[in-house]
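Visitor: There's a structure below that I have some questions on.
The values are calculated or read from the model by the stated rules, or taken from the named source; none is laboratory data. None of these values were measured; they are calculated from a predicted model. Don't worry about glycine lacking a Cβ; one is built from the backbone with ideal geometry, like all the others, and counts go over all protein chains shown. Just so you know, the surface numbers come from the protein's heavy atoms only, side chains and all, with ligands and any DNA or RNA stripped out. Shrake-Rupley method; radii C 1.70, N 1.55, O 1.52, S 1.80 Å.
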Amino acid sequence: MKTELGPPPELLFKRKIQTRTALRDLWKRRELIMTLTERELRVRYKQTRLGFAWSIIMPILLVIVFTVFLQRVVDIDTGGAPYAVFVYLGLIPWTFFSVSVNHGGQSLVNNSSLLNKVSFPREVFPIAAVVTSAVDALISTVILIGLLVITGYAPKVQVLWVPVLLIVQVMFTIAIGLMASSLVVYVRDIRQALPLILQLGLFATPVAYPIPFSPTFEKVYAVINPLAPLINGYRRTALFGQSPEWDLIGISALSSFVLLILGYRLFKRLETGFADVA
Amino acid sequence: MLPEGSVQAERVWKQFRAGRARRLLEIPQKNQASRKRKGEWLWALKDVNVNIEPGHSLGVIGPNGSGKSTLFKILAGVMYPYAGRAETVGRVGALIEISAGIHPELTGRENIFLYGSLLGLPRREVATRFDHIVDFAELGDAIDRQAKFFSSGMRMRLGFAVAAFLEPNVLLVDEALAVGDAAFQQKCLERMREVLAQGTTLLYVSHDLTSVEATCARGMWLDHGTVVEEGDVREVVAAYRRSVEEVVEGRDLPRGPINVMSADVGSGGPIPSHEDVEVTLSVESDASRRAILHIGMSEGTAAPIFSVSRELHFVQGSTKITCALHDLPLPRGRYVLWVAVTNRMRHHLQSWHPTTTFDVTGPGLDPVPAAVARLSPVHVKATWSEGADEEPSS
């Protein structure tokens with residue numbers, strides 16, 4: 001069947017997206033990101049008895065599971081650190097990443113009622129998800145510090161490198177969050193697949209055990225999974241007083257940065273159609 | 001660069017895909033119609049232009065599915081056109097599909113602040129307007145309750161109050177008021193006039209034509225995504241009413257035991273206001289019976305301005321009935337004569353239907369204050385006098 005006549009082709013709408021203005025608009029809405037974070041935290045624990053305790057239950061439970069079961073089955077080389085501390089140090093950054101991506105990925109679909117009413121840069125939703133899980137990570141970190149004190153680990157000077165590692169991790173997390181959230185709007189299957197992919201990611205990342213790769217493959221792997229050298233880096237600095245492996249961190253940073261640019265561009269491109277399908 | 005509060009759309013086109021992509025593991029549908037529809041693009045808006053200067057108002061009317069909400073979403077900046085260009089300058093307060101983004105898990109208070117920051121207002125500015133919003137929404141202590149425990153009316157009131165009190169440059173109101181009770185609807189309309197007077201641009205979609213007429217200066221009639229008519233709101237609304245009336249008149253009336261074969265008001269030609277007029281009907285009945293004949297006059301809608309009825313005797317075959325109406329209280333305009341026949345139990349022997357249109361000449365109606373909607377036109381002769389009050393107040 002011949003459909004009705006459309007508009008003349010020269011009239012077609014082409015949205016111009018300039019990264020600079022887009023980022024400026026986003027900066028103007030930083031208060032909105034904080035409000036959304038606050039809302040997320042309030043909503044999440046409203047009408048729950050345990051409240052904020054929930055944010056640390058998940059990593060602690062995993063620590064217990066790994067310590068009780070995994071450690072007994074395989075002999076894991078922790079470099080001399082107590083296994084619980086070793087795992088916990090991997091789990092905090094991993095949980096931060098996976099919760100950010102999982103919640104961020106669904107954030108647009110879950111907030112479709114808002115998408116249809118008010119205009120503002122849509123990336124505030126996945127970014128707010130990252131900020132929200134950063135709050136959880138902060139609480140877990142306080143627990144970690146307590147754990148370190150109990151087990152007798154004195155803070156090392158190298159801990160000062162952690163903020164650098166964090167910047168790389170946040171870049172990578174936002175990049176994946178942006179990609180996931182915008183794709184989920186169009187391909188809802190990803191919403192179902194996301195938790196599975198993240199589950200696999202847990203085993204493909206040196207969270208519960210170090211992954212012994214040859215030095216060459218380690219570099220290649222840093223491109224694919226920038227989290228791997230980062231988590232090793234957290235351990236090296238906080239547990240063993242070593243500097244991060246800068247060559248690997250550099251690759252990881254570069255990879256994260258490229259992904260962030262790609263993710264942002266993808267998001268902005270797909271953003272145009274969000275309200276049509278959300 | 002356009003000034004703040006401008007709303008402009010130039011040759012906007014928008015299409016949606018009906019149906020969806022085929023799924024894996026899906027049972028193929030036998031239904032031919034739904035298979036054909038799948039994946040077909042439908043135009044929601046075709047070449048629509050909007051141009052509103054800051055502080056002006058536009059009322060958008062049209063049947064369901066005519067593209068009104070789509071147009072609003074594009075103007076609100078949440079949706080992008082397929083072709084053409086749309087621009088709204090300044091902060092937009094939109095009330096699209098009731099309860100603009102009220103989050104059910106949050107309290108009313110939290111919702112107000114959330115919506116404020118969605119609009120881009122700093123916290124302290126929301127705080128200064130907070131009391132006004134709560135007052136207007138008549139929420140009182142309920143403001144600290146979660147919004148999911150609100151009634152739909154409360155949610156709508158909160159949504160409207162937030163959208164209208166956070167001082168947007170452009171206010172979009174879409175069908176939202178229907179949920180509120182009559183008193184609150186009036187209050188909302190008043191508030192819309194108020195923000196309009198303060199320089200906010202107003203766009204209003206509603207099926208309540210009287211309120212559109214009372215609120216907006218300009219009107220736009222959309223049908224199937226195209227602009228049918230645009231201009232002075234009264235003319236546009238009148239044209240839309242006439243078309244609705246034609247649709248109603250064009251409907252085939254099922255034959256009943258009693259049928260109205262012909263109806264005339266006066267003897268052809270316009271009828272002068274405030275004079276006597278005769279309505280002549282020719283009615284066919286399949287049996288001799290007593291029944292009640294109702295006649296009424298309206299501007300096109302089924303709800304009449306006035307109606308009269310009388311129990312009459314109908315012979316088998318054709319009966320001619322005349323009814324003289326004295327001192328016809330209608331102002332200048334075009335009207336429709338509606339007729340129905342019922343039995344004493346008020347069961348229909350012939351349903352309420354329009355029969356003929358006629359014109360009335362004479363005086364028009366005096367203007368009403370802004371924001372006041374006249375329900376239906378009745379012309380009453382009035383004599384005025386003025387003079388000093390005999391008991392001057394101290």
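Visitor: I'm a student and want to see the number: the projected area of the Cα convex hull of region B:116-162, averaged over all directions, in nm².
Guide: Numbers: hull surface 13.0 nm².
The orientation-averaged projected area of the Cα hull of region B:116-162 comes to 3.3 nm².
Visitor: In angstroms, what radius of gyration and Dmax does region A:134-278 have, counting Cα atoms only?
Guide: 17.4, 57
Visitor: Same structure, new question: Rounded to the nearest 100 Å², what's the accessible area chains B and A bury against each other, both chains counted, probe 1.4 Å? Mind showing how you got there, number by number?
Guide: Working: alone 21780 and 15760 Å², together 34260 Å².
Approximately 3300 Å², summed over both chains.
Visitor: Here is a further query. If you roll a 1.4 Å probe over region B:66-224 with all protein chains in place, what percent of the accessible area is carbon or sulfur? Before the final figure, lay out each step's value.
Guide: Numbers: 2610 of 5430 Å².
Accessible surface attributable to carbon and sulfur in region B:66-224 totals 48 percent.
Visitor: Same structure, new question: To the nearest 0.05, how large is the calculated FRET efficiency for A:Ile143 and B:Glu138 if R₀ is 45 Å and r is the Cβ-Cβ distance? All intermediate terms of the calculation are to be shown ahead of the outcome.
Guide: Values: r = 47 Å, r/R0 = 1.03.
Efficiency computed from Cβ-Cβ geometry: 0.45.
Visitor: Moving on to the next point. Once neighbouring chains are kept in place and the probe is 1.4 Å, which whole percent of the accessible area of region A:1-116 is contributed by carbon and sulfur?
Guide: Its accessible area is 60 percent carbon and sulfur atoms.
Visitor: With runs of 4+ DSSP H residues as the only contributors, calculate the mean residue ellipticity of the protein assembly as shown at 222 nm using -39,500 (n - 2.57) per run, divided by the residue total and rounded to the nearest 500. Kindly include the intermediate steps, with their values, before the conclusion.
Guide: Numbers: 20 runs with 286 residues, N = 672.
Using -39500 (n - 2.57) per qualifying helix, the result is -14000 deg cm²/dmol.
Visitor: Going toward the positive end of the dipole of the protein assembly as shown, with +1 on Lys and Arg Cβ and -1 on Asp and Glu Cβ, which of B:Val341, A:Trp27, A:Phe86 do you reach last?
Guide: Result: A:Phe86, furthest along the dipole toward the positive end.
Visitor: OK, next. Would you mind telling me the antiparallel percentage of the DSSP bridges in the protein assembly as shown, rounded to 5? Don't skip to the answer; put the middle values down first.
Guide: Numbers: 62 of 82 bridges.
In the protein assembly as shown, approximately 75 percent of DSSP beta bridges are antiparallel ones.
Visitor: A further question follows. Averaged over its residues, how many other protein chain Cβ atoms are within 10 Å of peptide A:26-36's Cβ atoms?
Guide: On the way: counts 0, 0, 1, 3, 1, 6, 7, 1, 2, 8, 3.
That works out to 3 on average.
Visitor: Give or take rounding to whole Å, what are the principal axis extents of the alpha carbon atoms in region B:101-200, in descending order?
Guide: Reported extents, whole Å, longest axis first: 34, 33, 21.
Visitor: Further, regarding this structure: What angle do you read, to the nearest 10 degrees and between 0 and 90, between the alpha-carbon axis of helix B:152-165 and the longest principal axis of chain B?
Guide: 60
Visitor: A further question follows. Residues of region A:241-278 losing 30 Å² or more of accessible surface, assembly versus chain alone, probe 1.4 Å, please list them.
Guide: Relative to the lone chain, where solvent access is computed with a 1.4 Å probe, region A:241-278 loses at least 30 Å² at A:Thr272, A:Ala275, A:Asp276.
Visitor: Can you send over the carbon and sulfur percentage of the accessible area for region A:228-278, probe radius 1.4 Å, protein chains only?
Guide: Details: 1310 of 2030 Å².
Carbon and sulfur: 65 percent of the exposed surface of region A:228-278.
Visitor: Right, next: So what's Rg/Rh here for region B:164-296, counting alpha carbon atoms and using the Kirkwood radius for Rh?
Guide: Working: Rg = 21.6 Å, Rh = 19.0 Å.
When Rh is taken as the Kirkwood radius, the ratio is 1.14.
Visitor: Let me ask another. Considering only B:Trp352, B:Ser307, B:His379, whose Cα is most displaced toward the positive end of the charge dipole of region B:299-385, charges sitting on Cβ of Lys, Arg (+1) and Asp, Glu (-1)?
Guide: Of the listed residues, the answer is B:Trp352.
Visitor: Output the 0 to 90 degree angle, nearest 10, between the alpha-carbon long axis of helix B:182-197 and the longest principal axis computed from the alpha carbons of chain B.
Guide: 60
Visitor: What is the gain in length, in nm to one decimal, between B:Ser385 and B:Ser267 on full extension, counting 0.36 nm per residue of separation less the C-alpha to C-alpha distance?
Guide: Working: separation 118, 0.36 × 118 = 42.48 nm, distance 3.79 nm.
Residue separation times 0.36 nm, minus the Cα-Cα distance, leaves 38.7 nm.
Visitor: Still on this structure, I have one more. Tell me, Kirkwood radius of region B:273-394 from alpha-carbon pair distances, in Å? Walk me through the intermediate numbers first.
Guide: Working: mean 1/r = 0.0586 Å⁻¹.
Evaluated over region B:273-394, this radius sits at 17.1 Å.
Visitor: Any idea what log10 I(q)/I(0) is at q = 0.19, 0.23, 0.24, 0.25 Å⁻¹ for region A:43-142, Debye with uniform C-alpha scatterers and no solvent?
Guide: Normalising to I(0) and taking log10 leaves -0.96, -1.18, -1.22, -1.27.
Visitor: Cross-link list A:Lys28/B:Lys73; A:Lys14/B:Lys73; B:Lys46/B:Lys73; A:Lys268/B:Lys46; A:Lys16/B:Lys14; B:Lys73/B:Lys187: which exceed 20 angstrom alpha carbon to alpha carbon?
Guide: As for pairs spanning more than 20 Å Cα to Cα, those are A:Lys28/B:Lys73; A:Lys268/B:Lys46; B:Lys73/B:Lys187.
Visitor: Averaged over B:6-15, how many beta carbons belonging to a partner chain fall within 10 Å of each residue's beta carbon? Working shown, then result.
Guide: Values: counts 0, 0, 0, 0, 1, 4, 3, 6, 3, 5.
The mean count of partner-chain Cβ atoms within 10 Å per residue comes to 2.
Visitor: Report the net charge of residues surrounding B:Thr361, where surrounding means a beta-carbon distance below 13 angstrom and charges are Lys +1, Arg +1, Asp -1, Glu -1.
Guide: Working: positive: B:Arg332, B:Arg334; negative: B:Glu275, B:Asp359.
So the surrounding residues net to 0.
Visitor: Let me ask you something else. Taking +1 at the Cβ of each Lys and Arg and -1 at the Cβ of each Asp and Glu, which of A:Leu50, A:Ala275, A:Val101 sits farthest along the dipole of the protein assembly as shown towards its positive end, judged by Cα position relative to the Cα centre?
Guide: A:Val101
Visitor: Please state, as a whole number in µm²/s, the translational diffusion coefficient that the Stokes-Einstein equation yields for region A:76-203 at 37 °C and 0.692 mPa s, with Rh defined as the Kirkwood radius across alpha carbon pairs. Working shown, then result.
Guide: Numbers: Rh = 16.2 Å.
D, rounded to a whole number, is 203 µm²/s.
Visitor: Quote the charge dipole size of the protein assembly as shown about the Cα centre in Debye, to the nearest 20; the model charges only the Cβ of Lys and Arg (+1) and of Asp and Glu (-1).
Guide: Working: 69 positive and 64 negative charges, 635 e Å.
Result for the protein assembly as shown is approximately 3060 debye, rounded to the nearest 20.
Visitor: With a probe of 1.4 Å, find how much accessible area the protein assembly as shown has per residue, and write the answer as a whole number in Å².
Guide: 51
Visitor: If a helix is a whole DSSP H run, which ones in chain A reach 30 Å or further along their own axis (Cα) and hold a mean Kyte-Doolittle hydropathy of at least -1.0? If you can, show how the numbers build up before the last one.
Guide: Numbers: long enough: A:83-110 (39 Å, 0.86); A:124-150 (39 Å, 2.39); A:162-186 (36 Å, 2.20); A:246-271 (36 Å, 1.02).
In chain A, the long hydrophobic H runs are A:83-110, A:124-150, A:162-186, A:246-271.
Visitor: By per-residue mean of other Cβ atoms within 10 Å, what is the highest-first order of B:117-127, A:44-54?
Guide: Values: B:117-127: 16.9, A:44-54: 11.8.
In decreasing order of mean packing, B:117-127, A:44-54 become B:117-127, A:44-54.
Visitor: Provide, for q = 0.22, 0.26 Å⁻¹, the log10 of I(q)/I(0) from a solvent-free Debye sum over equal Cα point scatterers in region A:194-278.
Guide: Taking Cα atoms of region A:194-278 as identical point scatterers yields -1.08, -1.27.
Visitor: Need one value for A:40-50: mean number of C-beta atoms belonging to other chains within 10 Å of its residues' C-beta atoms. Mind dumping the intermediate values first?
Guide: On the way: counts 0, 0, 5, 6, 1, 0, 5, 2, 0, 0, 0.
Rounded to a whole number, the mean comes out at 2.
Visitor: Tell me, what is a quarter of the convex hull surface for the C-alpha atoms of chain A, in nm² with one decimal?
Guide: Working: hull surface 77.7 nm².
Averaged projected hull area, Cα only: 19.4 nm².
Visitor: Rounded to two decimals, what is Rg over Rh for the protein assembly as shown when you use alpha-carbon atoms and the Kirkwood radius?
Guide: On the Cα set of the protein assembly as shown, Rg over Rh gives 1.12.
Visitor: Report the rotationally averaged projected area of chain B based on its alpha-carbon convex hull, in square nanometres. Could you put the intermediate results ahead of the total?
Guide: Numbers: hull surface 122.7 nm².
That works out to 30.7 nm².
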